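In what follows, a structure is listed as structure tokens, so that the remarks can point back to it.
The values are calculated or read from the model by the stated rules, or taken from the named source; none is laboratory data. Because the structure is predicted, anything quoted here is derived from the model rather than measured. Cβ atoms come from the backbone with ideal geometry, glycine included; neighbour counts cover every protein chain shown. Please note that ligands, DNA and RNA were not included when accessible areas were found on the heavy atoms of the full protein model with its side chains. Shrake-Rupley method; radii C 1.70, N 1.55, O 1.52, S 1.80 Å.
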Amino acid sequence: MVKHVEVCTSVLRSNWRAMIVSCAILMSSSAFAQQVVTGDTPEQQPQTAEPDRAFSDTATDDQPAAIPEASSQTTDTRESLSTQQWLARLATVSQTRNFQVSFVQSRPSGEAIPYLWRHAHLADGSTMEQLNLQNGPGRELIRVGDVVSVFEPDVPPYSLRAGHISGPIPSELLYQPLQLKDAYEFVSVGRARVAGRSAQQIRIVSRDNSRFSYQLWLDEQTGMLLKLNMLDLQGKLLEQIQVTSLTIMDKPHEYFSRINPSSLPKPMAMSPRQPRAHGWEVSYLPNGMDEVRRDIRRLSLTGQVVEYKMFSDGLVDVSVYVQPANEAIGSDLILRHDLNTFLTLTDGKVQVTVVGKVPLKTANAIATSLTSKNGNP
């Protein structure tokens, strides 16, 4: 997992919640929950392994080709596309084109983090993908078909089975955006300009106002993502992803010709788990959010056993931990760390902790809706 967060150790001290908070941040900051990966500084250019080729729609491996100016007829046609058609274009280009994208992930309170993302669609119909963290000692993920290999400092390389690399850009938004329609409404805002490119702006709004909203800009020429903002309920910027370089190529980047699949780590054998029986349920979840995982875990810090469930709407994951109140350590807790809300409540029977990129009122509604399976609170 990504080793990347030290959470208020002085506040949590040595109680079991320190372990829960750390684990939950790893899952939410890495949307790679079972795999792994992991703007408002558009001026900062990520340092890539190779010089960027600026923005181009078509290119060979040697020389990018400039994009011709769109005719007014073509522009009018693109302006008339529905939001669903724009999202379908995004899914198509993300899965079927050869491209190289440089982007930065930034938050108002932190530094911009640069990434290099490449995708290849091979002649035999198979695909390959690379995501490279450009700062520090580096971190790289390589996907060949349905196997993702992870390379990071001080950790032996390993591979997992997955259809996509999950990074800062939510996979569901890139590859299956129309599956988000039960949870979110997509609203066309109109034309805009991002990084010198004509773009279509789309708002992504929670249907029940229970989650943060997003602003999405798609390149008019290619349909590729140019910019993604996450906003709180008051419209304040929480996080930005800004594309700084985009190249769509006729052929896969030469980087992929240097990958020898037989030299990559073998995928870890993951035996299918049967869902563990839990004695509780949550009676409230935001629209479109469903249970995607459950388990019973023993916390290494304290040895305590907690029941765990993860819920997701495709853009946001929420983790819920429950243990008997007589085994709980510590008092109630409300904490915000970056985008994550941490809420712990204790009643006479259980202690429940909710962690996720959701507003406090949503975390509280989930926590207080906990019921035992016989219907009693």
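Could you work out the Rg to Rh ratio of the range 136-199, with Rh taken as the Kirkwood radius (inverse of the mean 1/r over all Cα pairs)?
On the way: Rg = 16.9 Å, Rh = 15.0 Å.
A ratio of 1.13.
Sorting Thr341, Thr83 on solvent-accessible area from highest to lowest, probe radius 1.4 Å, gives Thr83, Thr341.
What is the range 78-207 by shape, rounded, prolate or oblate, if you read a ≥ b ≥ c off the alpha carbon gyration tensor as root eigenvalues and call it rounded for a/c under 1.5, prolate for a/b larger than b/c, and oblate otherwise? Cα axes put the range 78-207 in the prolate bin.
Give the calculated FRET efficiency between Arg298 and Gln176 to the nearest 0.05, with a Förster radius of 45 Å applied to their Cβ-Cβ distance. Each step should come with its number before you reach the end.
Working: r = 34 Å, r/R0 = 0.76.
With R0 = 45 Å, the Cβ-Cβ based efficiency is 0.85.
Two decimals is fine: what's Rg over Rh for the range 139-250, C-alpha atoms, Kirkwood radius as Rh?
Working: Rg = 16.4 Å, Rh = 16.0 Å.
Looking at the range 139-250, the ratio lands at 1.02.
Length gained on full extension, Glu111 to Glu185, computed as 0.36 nm times the residue gap minus the Cα-Cα distance: 23.6 nm. For the range 326-377, the per residue solvent-accessible surface stands at 46 Å², with DNA, RNA and ligands left out and a 1.4 Å probe. Checking the Cα-Cα distances for Lys181/Lys309; Lys181/Lys373; Lys266/Lys309; Lys309/Lys373; Lys236/Lys361 against a 19 Å cut-off, the pairs over it are Lys181/Lys309; Lys181/Lys373; Lys266/Lys309. A full extension of the chain between Trp280 and Val155 corresponds to an added length of 41.3 nm, given 0.36 nm per residue minus the alpha carbon distance.
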